[in-house]
Amino acid sequence: MPPGEVSTSRVGERIIYWTWVPLFAIWITAFLLFPGFIPPVSPRASAAEVAEFYRQDLSRIRYSMILFNWFGVALIPILMLIAERMRGMAHRTPVLRFCVIGVAGGAPIAFLTSTVFWLVAAFRPDRSPDLTLLTNDLAWVTFTCGVPFLIALYLFIALAVAWDDQPRPVFPRWIAWFNVVIALVTVPAAFAGLAKRGVFAWDGLVSFWVKNVAIAVWIVVMAWSLRSAMARDGEVIEAGA
Amino acid sequence: MTAVDGLADDAAVGGDDAARRFPGDPDMWIFVVVESLVFTSYFCIYLYARTQHEQAFLAAQSALTMWVGILETILLLTSSWAIARCVQCTRAGSYAAARQFAFVTAGLGAAFFALKIAEWVHLIRDGYSFGSSDFMQHFFFLTGIHAAHLVIGFVALGVLVYELSDPRRRSHKTIETCSTYWHTVDLFWVVIFAMLYVVR
Amino acid sequence: MTQERGKLRGAKRELWLAWYVTVAFYGLYSVVFFALARAQPPGRPWLDPGQTVAWFADRHWGLLIGFGLIFVLGGFSAVALALITYSIRRMSVSPAYAYSYLILYAIAAIPGFMFICVAMTCGVMRPDLSPVTTQWLYDLGFLSFVGTMGVFLVGSLIWMVAILIDENGVLPRWFGYLSLVNALTEVVIAPSWIFQRGVLAYNGAIGFWVNVPVFGLYTVAFILLLRDFIRRDDLGTGPLPMPPPDVWGHAKRAVEAVGA
């Protein structure tokens with residue numbers, strides 16, 4: 001393969017790759033900006049209290065959620081970089097890659113939907129408190145419990161890496177274990193509907209902090225690992241040429 | 001595909017047994033059997049609902065015009081005859097004649113469709129719509145789902161004409177499959193006509 | 001020859017795992033919806049607000065635990081999707097069919113379980129919500145679940161056309177026609193958005209009791225056919241070495257087995 005062709009493809013992928021840094025910065029900023037995350041709004045709050053929340057600090061609520069609404073989906077190209085690395089894995093069929101592509105849209109859609117609910121709640125703060133409570137509930141349940149696509153994504157990647165039987169695998173083995181751990185710590189959040197207080201409630205340590213910190217850690221670790229995987233791809237292609 | 005290839009297809013699918021027992025494509029008969037079961041359940045549900053509200057159904061049924069139903073039935077039955085002639089011509093090798101019969105079938109089917117739509121518009125203008133009574137709900141549902149089958153029938157006719165048009169194709173199996181489908185749609189209509197228009 | 005076949009079986013582990021996960025997923029999904037959450041058969045569309053509150057209260061723990069399980073495992077619906085997408089890629093048709101199917105059914109997960117799980121969890125979490133609002137959640141859950149059949153309709157038709165024009169013999173033609181039967185039931189459910197009672201409502205004789213068994217038959221058929229496809233697959237790109245199963249042959253053998 002002529003070197004010119006290879007480098008165009010690699011430059012293109014690098015462009016996508018490096019978007020993860022500003023994206024991560026935007027997400028962290030929005031996370032800190034939203035007054036409902038630190039501390040998280042309690043599921044035990046009454047309609048009046050929730051309505052009051054949406055009347056104070058309206059700008060912070062709106063701008064943080066607008067940022068999330070716009071950039072929540074921006075992780076998808078990076079997920080596709082991971083899917084592309086799966087082509088280099090020693091699999092006999094593309095089934096695992098199709099699994100990853102199949103769930104790649106799900107988590108952003110769930111996240112997007114919850115930002116829409118938060119923004120709608122904040123749009124008319126003088127709405128009846130019952131309606132605001134409902135909208136707030138829908139946002140929090142979608143955000144906290146809506147984790148099936150994330151869990152599946154982590155486990156598909158883990159399996160793909162574990163079954164990458166070649167002398168120089170695309171991702172190191174420990175990435176598989178890492179993804180399994182992240183999936184396991186995300187599982188309790190799915191049951192947040194069962195608890196209104198304690199660590200499993202949507203404002204609790206496990207369903208909120210552990211789950212969201214896990215996402216952040218996952219992004220950083222996978223991004224770092226993706227860099228070596230992309231470099232490996234380049235070397236393998238050049239070695240073959 | 002030549003006529004020989006078409007016969008070879010028949011033999012390949014399920015062996016000579018199946019080809020001898022069923023004309024055309026044995027696979028299409030799965031559709032016929034299962035879809036007939038589904039339609040039978042729709043008919044049973046209609047008849048059961050009718051026994052529960054006999055007076056109301058009778059009253060609502062009077063909104064339908066008998067001669068329209070008869071005309072529609074004649075159109076579809078004739079179209080079935082036309083497509084049967086089309087298959088006969090195909091088997092005899094007169095592909096040009098077969099094509100003409102296919103177009104006749106399509107024309108009659110289109111006439112049925114136009115008449116059906118006119119009937120629906122007329123009923124809606126008179127105030128009888130999908131939700132106006134239990135009988136009308138069944139009427140619009142049964143004739144509507146039948147019309148959906150008819151639209152698919154036009155697609156099947158399109159495939160049939162496409163097969164006939166090029167001497168390199170002309171798979172007898174495909175042509176007979178499309179014809180089987182058309183006959184099935186006609187059969188469903190005859191039962192719908194009997195139940196909705198005739199039985200009072 | 002045996003050693004080669006053994007190697008191939010090992011090499012097919014991705015397909016076999018996908019198949020077993022598909023079976024497990026459909027099994028779990030049915031158990032959760034029918035037995036645990038008791039959200040199927042669906043609640044009556046004509047319940048007044050007070051009755052919907054009672055409906056939720058009746059199923060409090062079943063809904064929360066059952067849908068919690070779906071919140072954990074729902075993403076594995078993508079495995080069935082990936083396996084079917086692979087089967088379409090294995091056909092002689094354009095990849096556009098496979099990728100259309102992939103996207104359509106990826107989207108289908110949203111009305112397929114996300115909407116109803118979120119709506120019902122919210123409904124059950126707050127028993128002191130106003131009854132009218134509870135009824136709104138009840139409607140949202142059931143209507144989005146039963147009524148949004150467009151994705152499944154278009155997806156079924158894409159798969160059907162691919163099967164009927166495929167020359168590699170991946171899946172039998174009779175299943176293509178069965179897909180048409182299934183696609184038509186997805187048209188039949190459309191009036192459920194209109195009727196609060198009657199045979200075409202989402203819990204009606206036609207809307208539920210005819211439609212769901214047809215869908216069940218279709219699902220069992222494709223699960224069995226996918227198993228057969230995996231057995232025959234040579235992981236290549238041309239026509240498969242053996243033709244797809246002929247339902248008459250199976251029926252004949254079944255009859256002979258019973259009679260013998």
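Computed from the C-beta positions of B:GLN88 and B:VAL121, the FRET efficiency with R₀ = 45 Å rounds to 0.75.
Each of C:VAL161 and A:ILE26 was given a label point 7 Å from its Cα along the Cα-to-Cβ line. The distance between the two points is 3.6 nm.
So if each residue of separation counts as 0.36 nm, and I subtract the Cα-Cα distance between C:ILE194 and C:THR237, what length gain in nm does that give?
Working: separation 43, 0.36 × 43 = 15.48 nm, distance 4.67 nm.
In short, 10.8 nm is gained.
Taken one residue at a time, the phi angles of the range C:135-149 give Karplus couplings (6.51, -1.76, 1.60, θ = phi - 60°) of 5, 4, 5, 4, 4, 4, x, 5, 5, 5, 5, 8, x, 7, 9 Hz. Gly and Pro are set to x.
When the Cα atoms of the range A:3-240 are aligned to their principal axes, the ranges along those axes come out at 66, 35, 24 Å in descending order.
Counting neighbouring beta carbons within 10 Å and listing from fewest to most, the residues B:HIS183, B:HIS149 come out as B:HIS183, B:HIS149. Distance between the pseudo-spin-label points of B:CYS44 and A:VAL185 (7 Å out from Cα toward the beta carbon): 5.6 nm.
Under 12 Å from a label point 7 Å along Cα→Cβ of B:VAL155: give me every residue in the range C:133-158 with its amide N that close. Correct set: C:153-158. The Stokes-Einstein estimate for the range B:3-198, based on a Kirkwood radius over Cα pairs and taken at 25 °C with 0.890 mPa s viscosity, is a diffusion coefficient of 136 µm²/s.
Between A:VAL199 and A:TRP224, the FRET efficiency estimated from the beta carbon spacing at R0 = 35 angstrom works out to 0.75. Residue-wise HN-Hα couplings along the range B:137-142, as the Karplus relation 6.51 cos²θ - 1.76 cosθ + 1.60 with θ = phi - 60° gives them from phi, are 4, 5, 4, 5, 5, 5 Hz; Gly and Pro carry x. State the answer as a single residue: which of A:PHE171, A:VAL116, A:LEU33 lies farthest towards the positive end of the charge dipole of chain A, with beta carbon charges of +1 for Lys and Arg and -1 for Asp and Glu, about the Cα centre. Final value for the positive-end residue is A:PHE171. Using only the C-alpha atoms, the convex hull of the protein assembly as shown corresponds to 200 Å³ per residue. A Förster distance of 22 Å, applied to the separation of the beta-carbon atoms of A:SER9 and A:ALA74, puts the FRET efficiency at 0.55.
Mean residue ellipticity at 222 nm, helices only, chain C: -22000 deg cm²/dmol; runs of at least 4 DSSP H residues each add -39,500 (n - 2.57), and the sum is divided by the number of residues.
Whole-Hz Karplus values for the range C:152-166 come out as 5, 4, 5, x, 4, 5, 4, 4, 4, 4, 4, 5, 6, 9, 5 Hz, taken residue by residue from phi with 6.51 cos²θ - 1.76 cosθ + 1.60 and θ = phi - 60°; glycine and proline positions read x. Which residues in the range B:172-198 place their backbone N less than 16 Å from a point set 7 Å from the Cα of B:MET66 along the Cα-to-Cβ direction? Hits in the range B:172-198 for B:MET66 at 16 Å: B:193-198.
The modelled label-to-label distance for the pair B:LEU58/A:TRP174, using points 7 Å beyond Cα in the direction of Cβ, is 8.5 nm.
Helix content alone sets the calculated 222 nm mean residue ellipticity of chain B: runs of n ≥ 4 DSSP H residues at -39500 (n - 2.57) each, divided across all residues, give -28500 deg cm²/dmol. Here the range C:2-253 is treated as a Stokes sphere of Kirkwood radius computed over C-alpha pairs; at 20 °C and 1.002 mPa s its diffusion coefficient rounds to 109 µm²/s.
We did not get these values from a lab; they are worked out from the coordinates using the rules stated. Please read all numbers here as calculations on a predicted model, not as lab measurements. Cβ: placed from backbone, ideal geometry, glycine included. Neighbour counts: every protein chain shown.
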